[in-house]
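Here the structure comes first, spelled out in structure tokens, and everything after it is commentary.
The values are calculated or read from the model by the stated rules, or taken from the named source; none is laboratory data. What you see is a predicted model; the values in this text were computed from it and never measured. Positions of Cβ are generated from backbone atoms using ideal geometry, with glycine treated the same way; all protein chains shown enter the neighbour counts. The protein model used for the area step is the full one, side chains on, heavy atoms only, and it has no ligands, DNA or RNA in it. Shrake-Rupley method; radii C 1.70, N 1.55, O 1.52, S 1.80 Å.
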Amino acid sequence: MGKKSTKENKNIYQLNRENLSLTREKASELLESITADRIEKIESGRSLPHPDEILTMAEKYKNPSLCNHYCSQECPIGMQYVPKVESKILSQIVLEMLASLNSIDKKKNRLIEITADGEVSDDELTDFVMIQDELEQISATVDALQLWVETMIINGHIDREKISHIKEEMNTAK
């Protein structure tokens, strides 16, 4: 059995592996396509993980938030375009979504006024930025809900095939 790490600044990949009580060798067996040496390089920060490695870790470690972490914190493109999504409990996600929807509902007429002419003038800019911020909050909450669903699927609490079947039925009904 491998020795337990005493390193203080462990990265998310090492923390996830250790939370599962896996040595690098056992993790390599679980991950199948990633060697123990490669895991050590990723965890020590000597090498950045590849997207396919992140997908494998997220699936096998049952933690889809690893994908968001990689995209929002390590991928050069994602760092510009992918926001960090925090894992939250369902009730918190729903309450945040309802608060954001209520807030934007009150501002929708102002958004129509601002954008009706296809331009945002200087005197409209402050309101426009505030509304844009509300819309970004809704987007972040949707992302948190998607992460919650993926976590429930990967842990066997929701059936992915049932979701796909329901979506197919909804698309057919449209």
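Taking all protein chains in place and a 1.4 Å probe, what share, in percent, of the accessible surface of the chain do carbon and sulfur account for?
Numbers: 6560 of 12050 Å².
The value for the chain is 54 percent carbon and sulfur by accessible area.
What residue among Thr141, Ile89, Cys75 has its Cα farthest toward the positive end of the dipole of the range 58-161, where the charges are +1 on Lys, Arg and -1 on Asp, Glu, each on the Cβ?
Ile89
Quick one: which of Lys62/Lys88; Lys62/Lys162; Lys106/Lys162; Lys41/Lys62 span more than 25 angstrom between C-alpha atoms?
Lys106/Lys162
Running a GNM on the chain with Cα contacts under 10 Å, which residue among Pro51, Pro64, Pro76 ends up with the highest mean-square fluctuation?
Result: Pro76 has the largest fluctuation of those listed.
Kindly sort Leu147, Leu95 by accessible area of their heavy atoms, largest first, with the probe set to 1.4 Å. Please report the intermediate quantities before stating the final value.
Values: Leu147 20, Leu95 120 Å².
Order by accessible area, largest first: Leu95, Leu147.
Quick check for you: with a 1.4 Å probe and neighbouring chains kept, what is the accessible area per residue of the chain, in Å²? If you can, show how the numbers build up before the last one.
On the way: 12050 Å² over 174 residues.
Result: 69 Å² per residue.
Let me know the shape class of the chain, please: from the alpha-carbon gyration tensor, a ≥ b ≥ c as square roots of the eigenvalues, rounded when a/c is under 1.5, otherwise prolate if a/b is greater than b/c, or oblate.
Working: a/c = 2.76, a/b = 1.84, b/c = 1.50.
Prolate, because a/c is 1.5 or more and a/b exceeds b/c.
Is the shape of the range 48-92 best called rounded, prolate or oblate, per the rule: a/c under 1.5 gives rounded, else a/b larger than b/c gives prolate, else oblate, with a ≥ b ≥ c the square roots of the Cα gyration tensor eigenvalues? List each step's numbers first, then the result.
Details: a/c = 3.61, a/b = 1.19, b/c = 3.03.
Oblate, because a/c is 1.5 or more while a/b does not exceed b/c.
When a/c reaches 1.5 or more, the comparison of a/b and b/c decides; with that in mind, is the range 61-148 rounded, prolate or oblate per its Cα gyration tensor? Mind dumping the intermediate values first?
Details: a/c = 4.07, a/b = 1.67, b/c = 2.44.
In terms of gyration-tensor shape, oblate.
Given the options Asn63, Asn102, Asn155, state which has the largest fluctuation in a GNM of the chain using a 10 Å cut-off (strictly under) for Cα springs.
Sorting by GNM fluctuation, first place goes to Asn102.
Within a Cβ distance under 14 Å of Gly78, other residues only, what is the Lys/Arg minus Asp/Glu net charge?
Values: positive: Lys84; negative: Glu74, Asp143.
Once positives and negatives cancel, what remains is -1.
Alpha carbon centre of the range 32-80 versus the range 123-159: separation in Å?
Between the Cα centres of the range 32-80 and the range 123-159 lies a distance of 23 Å.
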